[in-house]
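A.B. asks: I'd like to ask some things about the structure below.
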Amino acid sequence: MARNKIALIGAGQIGGTLAHLAGLKELGDIVLFDIAEGTPQGKALDIAESSPVDGFDAKLCGANDYKAIEGADVIIVTAGVPRKPGMSRDDLLGINLKVMDAVGQGIKQNAPNAFVICITNPLDAMVWALQKASGLPANKVVGMAGVLDSARFRYFLAEATGVSVKDIHAMTLGGHGDDMVPLVRYSTVGGVPLPELVKSGWLTQEKLDSIVDRTRKGGGEIVALLKTGSAFYAPAASAIAMAESYLKDQKRVLPAAAYLNGEYGVTDTYVGVPALIGANGVEKIIEVSFDATEKEQFAKSLASVQGLIAACKQINPALA
Ligand code: A3D
């Protein structure tokens, strides 16, 4: 059986990490694509040269021509510009919208059967634009944000409780901005919902509130520390989990920016919801019920995303 082919559009910080992880996990052969000449070729060769040490079999190549992604099974898109200190994800909109248009065309012409995961920010609006530009079915185009935001939430909870990250589940929905919605009622430590943990005195309400706040601002915390870019290890690991669920038909339920066509009462919008990912892409969107506060928070986050999508339509009416 031929190996799967994984194409990474954008060979920057996240792209390089994705290639390394995909190699280590033997997910398939890997193509790194970038407009910068030499970068994808150099990273591909460097990672290929690590394969004898780590003992993984994967072909790696770098390219500046979309022909190289031909027939890819999975495509992960990080092409664009990342945040610099003081920049919001939304500041990136105009620049990265043009990039999504170009990437969408490249995918349409060379790999129309791929499962596409977008990471480029502002995430929810960019994955919407990428789906429109590529013309791929909406269930085959998805955005990565919720796995990362939930992983941050889980990590902070693990730190606060001293429990293994493996036994902590958390769900962060809504758009990938500071008004994202970490769902406390649906998050558990050792199977115990967080409100019960507070009731039992294991975690104070104050500590929980500070963790929720830190989760919302998790991306900015890393940007402020790094000063020259944004997070890349955890974002790459998160997208690889989504790719693996598709390639191995794992049918994992992962929070993802998925296309809503009536679910949650929303249409023609990408926003973070629990999605079942299997061999057919996004196979099901799970609708959870919200209490009054969660409903209000989700509506606020959704409004931000829809504002950005409206801005995309204004800048490029051809996408609408
Ligand atoms: P960076 O290291 O700058 O890599 C981006 C790469 O894209 C560079 O190598 C560029 O040369 C390349 N590029 C630019 N334009 C094009 C184009 N038209 N076609 C192909 N390649 C192009 O950034 P990064 O890897 O750190 O981040 C990539 C994106 O992910 C940014 O938009 C970030 O804001 C975003 N990001 C999202 C999350 C989420 O959770 C959603 C987290 C972290 C970063």
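A.B. asks: Does Ala72 qualify as being touching an Asp or Glu at 6+ places or on another chain (Cβ under 6 Å) and away from the ligand (no atom under 12 Å from the Cβ)?
C.D. replies: Values: touching an Asp or Glu at 6+ places or on another chain (Cβ under 6 Å): no; away from the ligand (no atom under 12 Å from the Cβ): yes.
No.
A.B. asks: Which number in (1) open to solvent by 10 Å² or more (accessible area, probe 1.4 Å); (2) more than 10 Å from the ligand (Cβ to nearest atom) marks the one condition that Ala22 misses?
C.D. replies: Condition (1) is where Ala22 drops out.
A.B. asks: Of the conditions (1) open to solvent by less than 10 Å² (accessible area, probe 1.4 Å); (2) within 16 Å of the ligand (Cβ to nearest atom); (3) in contact with a helix residue (DSSP H, G or I) (Cβ under 7 Å, 6 or more places away or on another chain), Ala243 satisfies every one except a single condition; which number is it?
C.D. replies: So the condition that Ala243 fails would be (3).
A.B. asks: Kindly list the number of the only condition in (1) surrounded by fewer than 21 Cβ atoms within 10 Å (Cβ to Cβ); (2) near the ligand (Cβ under 10 Å from one of its atoms) that fails for Gly80.
C.D. replies: (1) is the only condition that Gly80 fails.
A.B. asks: Of the conditions (1) in contact (Cβ under 8 Å) with a residue 24 or more places away in the chain; (2) within 13 Å of Leu308 (Cα to Cα); (3) over 12 Å from the mean Cα position of the chain (by Cα), Asp91 fails just one. Which one is it?
C.D. replies: It is condition (1) that Asp91 fails.
A.B. asks: Here is a further query. Scan segment 34-59 for residues that are in contact with a Leu (Cβ under 7 Å, 6 or more places away or on another chain) and either open to solvent by 50 Å² or more (accessible area, probe 1.4 Å) or within 16 Å of the ligand (Cβ to nearest atom) (or both) and jot them down.
C.D. replies: Keep residues of segment 34-59 that are in contact with a Leu (Cβ under 7 Å, 6 or more places away or on another chain), which gives 40, 43-44, 47-48, 54, 56.
Across segment 34-59, the qualifying residues are Pro40, Lys43, Ala44, Ile47, Asp54.
A.B. asks: Taking Pro195 as meeting all but one of (1) in contact with a Lys or Arg (Cβ under 8 Å, 6 or more places away or on another chain); (2) crowded, with 16+ Cβ neighbours inside 10 Å, write down the number of the exception.
C.D. replies: In the conditions (1) in contact with a Lys or Arg (Cβ under 8 Å, 6 or more places away or on another chain); (2) crowded, with 16+ Cβ neighbours inside 10 Å, Pro195 misses (2) alone.
A.B. asks: Only one of Thr204, Thr188 is more than 13 Å from the ligand (Cβ to nearest atom) and surrounded by fewer than 17 Cβ atoms within 10 Å (Cβ to Cβ); which?
C.D. replies: On the way: Thr188 fails: surrounded by fewer than 17 Cβ atoms within 10 Å (Cβ to Cβ).
It is Thr204.
A.B. asks: Could you list, ordered by first residue, the pairs with Cβ atoms under 8 Å in which the first is in segment 298-313 and without any contact (Cβ under 8 Å) to a residue 12 or more places away in the chain and the second is loosely packed, with under 15 Cβ neighbours inside 10 Å, at least 6 apart or interchain?
C.D. replies: That search, which allows pairs on different chains as well, returns Lys313/Ala320.
A.B. asks: Residue by residue through segment 136-154, note down the ones that are over 17 Å from the mean Cα position of the chain (by Cα) and either closer than 28 Å to Asp91 by Cβ or surrounded by 18 or more Cβ atoms within 10 Å (Cβ to Cβ) (or both). Please lay out each step first, then the result.
C.D. replies: First, pick out the residues of segment 136-154 that are over 17 Å from the mean Cα position of the chain (by Cα): 136-137.
If the condition is that a residue be over 17 Å from the mean Cα position of the chain (by Cα) and either closer than 28 Å to Asp91 by Cβ or surrounded by 18 or more Cβ atoms within 10 Å (Cβ to Cβ) (or both), then Leu136 is the only one that fits.
A.B. asks: Suppose we keep only residues that are open to solvent by less than 10 Å² (accessible area, probe 1.4 Å) and part of a loop (DSSP other than H, G, I, E, B) within segment 99-124. Which one would you say is nearest to the ligand (Cβ to nearest atom)?
C.D. replies: The residue in question is Thr120.
A.B. asks: On the basis of being open to solvent by 40 Å² or more (accessible area, probe 1.4 Å), assigned to a helix (DSSP H, G or I) and under 27 Å from Val74 (Cβ atoms), does Lys166 make the cut? Please lay out each step first, then the result.
C.D. replies: On the way: open to solvent by 40 Å² or more (accessible area, probe 1.4 Å): yes; assigned to a helix (DSSP H, G or I): yes; under 27 Å from Val74 (Cβ atoms): yes.
Yes: the conditions hold for Lys166.
A.B. asks: Which residue pairs have Cβ atoms under 7 Å apart, sit 6 or more places apart or on different chains, and have a first residue in segment 121-136 that is farther than 16 Å from Ala239 by Cα and a second that is more than 13 Å from the ligand (Cβ to nearest atom) and among the small types (Gly, Ala, Ser)?
C.D. replies: Going by the 7 Å Cβ cut-off, the qualifying pairs are Gln131/Ala138.
The values are calculated or read from the model by the stated rules, or taken from the named source; none is laboratory data. In this text the structure is predicted, and so the values were computed from the model without any measurement. Positions of Cβ are generated from backbone atoms using ideal geometry, with glycine treated the same way; all protein chains shown enter the neighbour counts. Heavy atoms of the whole protein, side chains included, go into the accessibility calculation; ligands, DNA and RNA do not. Shrake-Rupley method; radii C 1.70, N 1.55, O 1.52, S 1.80 Å.
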